[in-house]
Amino acid sequence: ANTKATVMALENNPVDILSHPGLFFQVDIEEVARACVKHEVFFEINCGHHHPSLEDVRIALEAGVDIIINSDAHFCDTVGMMEYGSKLVEKLGIPLERVVNRRGGKEGWIGKRRRTKCS
């Protein structure tokens, strides 16, 4: 039920990033990742919760999803703490072009996404 609800949310809403997939409720990571690819949604590595696991990120990457690393800061002293995500990128050998906030041209991407998703 959680997987279906997540996929439906991606299908029916202008979502850019799926935050902490599977953290608070179990989902089929592969199915959710395929939906992210289909709907051009980035799959988050959440450094605040150290989530998802290395294996879940591997599954998502194999499905073809691009990722975004987020500190999930709730306090000013944790803004930008991205070590967990950086370590996963390194361990998995993820090309930087697959990590949205590690590649250039973000400003153009944000403007384009806003125009296409919200029109």
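Quick rundown of the values:
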| quantity | calculated |
| --- | --- |
| Test: residue in segment 20-27 that is under 21 Å from ARG102 (Cα atoms), crowded, with 18+ Cβ neighbours inside 10 Å, under 14 Å from the mean Cα position of the chain (by Cα) and not charged (D, E, K, R) | yes |
| Residue, surrounded by the most Cβ atoms within 10 Å (Cβ to Cβ), within segment 37-46, restricted to residues that are of a type in the set (A, V, I, L, M, F, W, C) and in a strand (DSSP E or B) | ILE45 |
| Residue tally, condition assigned to a loop (DSSP other than H, G, I, E, B) and of a type in the set (S, T, N, Q), over segment 47-106 | 2 |
| Failed item, numbered, when ILE69 is tested on (1) touching a Lys or Arg at 6+ places or on another chain (Cβ under 8 Å); (2) at pLDDT below 95; (3) within 18 Å of ASN2 (Cβ to Cβ) | (3) |
| Test set (1) more than 19 Å from LEU92 (Cβ to Cβ); (2) over 11 Å from the mean Cα position of the chain (by Cα) - GLU40 fails condition number | (2) |
| Residue in segment 28-40 that is modelled with pLDDT of 90 or more, among the small types (Gly, Ala, Ser) and either touching a helix residue (DSSP H, G or I) at 6+ places or on another chain (Cβ under 6 Å) or more than 17 Å from TYR84 (Cα to Cα) (or both) present | yes |
| Members of segment 1-29 that are part of a helix (DSSP H, G or I), among the hydroxyl-bearing types (Ser, Thr, Tyr) and in contact with an Asp or Glu (Cβ under 8 Å, 6 or more places away or on another chain) | THR3 |
| Flag if VAL99 is modelled with pLDDT of 95 or more, surrounded by 12 or more Cβ atoms within 10 Å (Cβ to Cβ), within 13 Å of the chain's Cα centre (by Cα) and not polar (S, T, N, Q) | no |
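The values are calculated or read from the model by the stated rules, or taken from the named source; none is laboratory data. It should be emphasised that the depicted structure is a prediction, and the values quoted were computed from it without experimental measurement. Methodologically, a virtual Cβ is constructed for each residue, glycine included, from the backbone with ideal geometry; neighbour enumeration extends over all protein chains shown.
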